[in-house]
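*Asks:* Structure incoming, see below.
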Amino acid sequence: LPGAGAGVQLVGGYEYRGEELVFEPDYGYQINDGAGQGGASVPVSGEFSVQELFFEAQIPLLEGYTAAEQVNLNLGYRYSDYDTDKTTDTFKGAADWSINDSVRLRASFQRAVRAGNLRELFAPQGLNLFDMPEDPCGPSMLATLDQCVNNTGLPAAIYGNAGLDSPANQYNFLQGGNPLLEPETSDTVSFGAVLSPTFVDGLIVSIDYFNIEVEDAIDTVPQRFTLDNCLETGEAIWCDNFQRSPGSGSLWVSDNGFIRATNVNIGKFEREGVDLNVGYTFSVGDMGDVDLDLVGTVLLTADTQPTPVSDVVKCKGLWENGQCVGAFPEWSHNFRATWATPWDADISLMWRYFGEVDDAGSGGANWGAYSWVDLAANWQVTESTLLRIGINNVFDRDPPMSSDVGNSPGNGNVFPGYYDALGRYIFAGVSLEL
């Protein structure tokens, strides 16, 4: 273009992709012969293919002007045709504007899709276990007699019976695939700036706002959420996914009582926040260089709509396994300080911080902020020998635990994807170049 020295770059193409899955567990797993297995592991097989057309363009608009050192536009489009009678369109538009060597602005909009994978589409349905503190119709009597009898089909004589509660706090749910899943769609808006001021040598700051909204998300409706809504409303959309074992009314003793939680297109979820990245490198004279790096996120919105007919649930600052599936602190960060010594050794300290979250459920287990400290060092002993050593979670900080955590993304009683569940971890290694 007239205002730029570099030319327009274009790329386009056609892609064909085929995927096939065959899973054949052994006989013992297929007949549910393992203690605590929760349900039979049934064979899975399925396949699909997709044909795609795509293009992308990098367009320099301006270059070498006052207050416009460089201005670029990036455009992209992809059309996908699945043999499951599903088609999708994805596209993006992004721009970056380098005002000068110290200030660069950027913004983008992207439409993305994700079609169901082979397991989400074709996994046969079968029973598994989920965690729940109690049956609300058992001794706790969290639900009324009328709710339990009329909405969940519990025989009136069993209301409040201790046998309704599982001693392991584990209950049956029906899991499995759904070949009718629609692709999930996300829209992402982001804009921000990168600053490297000349008056502070070695400092780089980037700050970006983001908003991500996913519609028709492929997921499961939390089991306790289905149960609570059935008890409260009695509506078929909830109670049709709930089945008590005939006679006993149990959700855990027999295979005839369960909550259905197969793959579906749920309502939507939205995440909004600000990402901050600050890097600063400085010299300490003959003692080498120090590099400081902070990567943090301010969470502004964490909304979830479990089904298209549900109310939007506000999850910012909360944790829970029923509606707010996970933990969503308003602030979290990683801060690393690295000392590059003059003795061919690098020593680093990492501070991992996860902000406080309150229990959105009935358990009342509010969790304060958590910090972990990691230490690591690399020593180039010789030109061909590198020694590595370190300690993660130096102070052996235990994660918060609760029986309400449940399954995905929890693991029984803890969220290992959010908190350090391993404890103190010491490692060492050596690399030899021969």
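The values are calculated or read from the model by the stated rules, or taken from the named source; none is laboratory data. Bear in mind the structure is a predicted one, so any value in this text is a computation, not a measurement. All Cβ positions, even for glycine, are placed from backbone atoms using ideal geometry, and neighbour counts span all protein chains on display. Note: areas computed on protein heavy atoms with side chains; ligands, DNA, RNA excluded. Shrake-Rupley method; radii C 1.70, N 1.55, O 1.52, S 1.80 Å.
*Asks:* So the check is Cβ under 7 Å with 6+ separation or different chains; which pairs have a first residue in segment 59-81 that's within 9 Å of A4 (Cα to Cα) and surrounded by 15 or more Cβ atoms within 10 Å (Cβ to Cβ) and a second one that's of a type in the set (G, A, S) and at pLDDT 95 or above?
*Replies:* If the second residue must be of a type in the set (G, A, S) and at pLDDT 95 or above, the pairs left are Q70/S98.
*Asks:* Within segment 155-170, does at least one residue satisfy the condition of being in contact with a strand residue (DSSP E or B) (Cβ under 8 Å, 6 or more places away or on another chain), open to solvent by less than 60 Å² (accessible area, probe 1.4 Å) and not in a loop (DSSP other than H, G, I, E, B)?
*Replies:* no
*Asks:* Residue by residue through segment 245-279, note down the ones that are more than 16 Å from the chain's Cα centre (by Cα), closer than 30 Å to E330 by Cα and surrounded by fewer than 19 Cβ atoms within 10 Å (Cβ to Cβ).
*Replies:* Those that are more than 16 Å from the chain's Cα centre (by Cα), closer than 30 Å to E330 by Cα and surrounded by fewer than 19 Cβ atoms within 10 Å (Cβ to Cβ): V274, D275, L276, N277, V278, G279.
For (1) at pLDDT below 95; (2) among the charged types (D, E, K, R), each residue gets a yes or a no:
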| position | (1), (2) |
| --- | --- |
| D289 | no, yes |
| G296 | no, no |
| V313 | yes, no |
| T338 | no, no |
| S348 | no, no |
| R352 | no, yes |
| W367 | yes, no |
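*Asks:* Report, by residue number, each residue of segment 307-355 that is open to solvent by 80 Å² or more (accessible area, probe 1.4 Å) and either under 30 Å from S403 (Cα atoms) or acidic (D, E) (or both).
*Replies:* Matches in segment 307-355: P308, V309, D311, K314, K316, E330, D344, W351.
*Asks:* Given the condition open to solvent by 70 Å² or more (accessible area, probe 1.4 Å) and touching a Gly at 6+ places or on another chain (Cβ under 7 Å), answer yes or no: does some residue in segment 368-376 qualify?
*Replies:* The answer is yes, given that some residue of segment 368-376 is open to solvent by 70 Å² or more (accessible area, probe 1.4 Å) and touching a Gly at 6+ places or on another chain (Cβ under 7 Å).
*Asks:* Turning to a different aspect of this structure: Which of the residues spanning segment 391-406 are surrounded by fewer than 18 Cβ atoms within 10 Å (Cβ to Cβ) and under 30 Å from E433 (Cβ atoms)?
*Replies:* Residue satisfying the conditions is I391 alone.
*Asks:* Another question, then. Within segment 1-22, which residues are over 30 Å from V71 (Cα atoms), touching a residue at least 40 places away in the same chain (Cβ under 8 Å) and surrounded by 11 or more Cβ atoms within 10 Å (Cβ to Cβ)?
*Replies:* E19, L21
*Asks:* Taking E215, is it surrounded by 15 or more Cβ atoms within 10 Å (Cβ to Cβ) and acidic (D, E)?
*Replies:* Details: surrounded by 15 or more Cβ atoms within 10 Å (Cβ to Cβ): yes; acidic (D, E): yes.
In short, yes.
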